[in-house]
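Enquirer: Structure below; questions to follow.
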Amino acid sequence: MKEFIANIRTAIIGTLDAKGDPFSSYAPYVYDNNRFYVYISDIATHAKNIQRNPKASLFFVEDESKTENLFARKRVSLQCDSTKIVRWTERFEEVLGLFAKKFDAKMVNTLKKMTDFNLYEFKVTYGEATFGFGKAYFVGGENMDELIARTGDNPHHGVK
């Protein structure tokens, strides 16, 4: 899973609005210490949604132009709990440093000055991955970063 997502620079974020309707958007992300991080503006709908409901999903999908078969695109879908990281804390500075290394440092420094932008951490609680026909997995393990072959029933359905 880590190798696959390492080649994707943005995550599709699924959230729920105030009425419980789904909303999808995207944001650049970094992955560190088994957590995903996005830095987004409070003006954005997905930011408002995760402030209201910290349950969210992250979706990573193979580029259409690079797939062998559009019906079997490689993909990872992760269910997460999100937490806002307080501005100016040590962790905030560490993660923004990772953003500066991965992306355009000048752009990250500009965004850092915009106080309507906030950093969110996503902790994976459940996931699924598909890497082609017959190559379907659950995401599990102690750090929620291991692929476990799918064989029949989903052990996570119905579990709260």
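The values are calculated or read from the model by the stated rules, or taken from the named source; none is laboratory data. Worth saying up front: this structure is predicted, and the values here are computed from it rather than measured. Virtual Cβ from ideal backbone geometry, glycine too; neighbours counted across all protein chains shown. For accessibility, only protein heavy atoms count, side chains too; no ligands or nucleic acids. Shrake-Rupley method; radii C 1.70, N 1.55, O 1.52, S 1.80 Å.
Enquirer: How many residues, within the range 1-48, are more than 29 Å from GLU142 (Cα to Cα), among the basic types (Lys, Arg) and not in a loop (DSSP other than H, G, I, E, B)?
Expert: 1
Enquirer: While we're looking at this one, here's another question. Return yes when MET107 is aliphatic (A, V, I, L, M) and over 21 Å from ASP42 (Cβ atoms) and no when it is not.
Expert: Answer is no for this residue.
Enquirer: Take the conditions touching a His at 6+ places or on another chain (Cβ under 6 Å) and either in contact (Cβ under 8 Å) with a residue 12 or more places away in the chain or surrounded by 17 or more Cβ atoms within 10 Å (Cβ to Cβ) (or both) and apply them to TYR137. Does it pass?
Expert: Here the answer is no, as TYR137 does not meet what is asked.
Enquirer: While we're on this one: Which of the residues belonging to the range 101-160 are modelled with pLDDT of 90 or more, within 19 Å of the chain's Cα centre (by Cα) and among the charged types (D, E, K, R)?
Expert: LYS101, LYS102, GLU121, LYS123, GLU128, listed by residue number.
Enquirer: Sticking with this one: Any residue at all in the range 85-103 that is under 15 Å from THR10 (Cα atoms), open to solvent by 30 Å² or more (accessible area, probe 1.4 Å), among the aromatic types (Phe, Trp, Tyr) and not in a strand (DSSP E or B)?
Expert: yes
Enquirer: Still on this structure, please answer the following. For the range 1-28, which residues satisfy the criterion of being open to solvent by less than 20 Å² (accessible area, probe 1.4 Å) and touching a residue at least 40 places away in the same chain (Cβ under 8 Å)?
Expert: Listed by number, the residues that qualify are MET1, ILE5, ALA11, ILE13, GLY14, THR15.
Enquirer: Next up: Determine whether the range 46-66 contains at least one residue that is open to solvent by less than 70 Å² (accessible area, probe 1.4 Å), of a type outside the set (Phe, Trp, Tyr), touching a strand residue (DSSP E or B) at 6+ places or on another chain (Cβ under 8 Å) and on the phi > 0 side of the Ramachandran plot.
Expert: no
Enquirer: Kindly indicate which of PHE99, PHE103 is over 28 Å from GLY141 (Cβ atoms) and of a type in the set (A, V, I, L, M, F, W, C).
Expert: PHE103
Enquirer: May I pose another question? Which residues, counting only those in the range 104-134, are open to solvent by 30 Å² or more (accessible area, probe 1.4 Å) and in contact with a strand residue (DSSP E or B) (Cβ under 6 Å, 6 or more places away or on another chain)?
Expert: Correct list: LEU111, ASP116, PHE117, GLU121, LYS123, THR125, TYR126, GLU128.
Enquirer: Separate question: Of the residues in the range 29-44, how many are more than 13 Å from ASN118 (Cα to Cα) and open to solvent by 10 Å² or more (accessible area, probe 1.4 Å)?
Expert: The number of residues fulfilling the criteria is 5.
Enquirer: Inside the range 52-67, can you point out the residues that are of a type in the set (Gly, Ala, Ser) and closer than 17 Å to LYS2 by Cα?
Expert: Answer for the range 52-67, where residues must be of a type in the set (Gly, Ala, Ser) and closer than 17 Å to LYS2 by Cα: just SER57.
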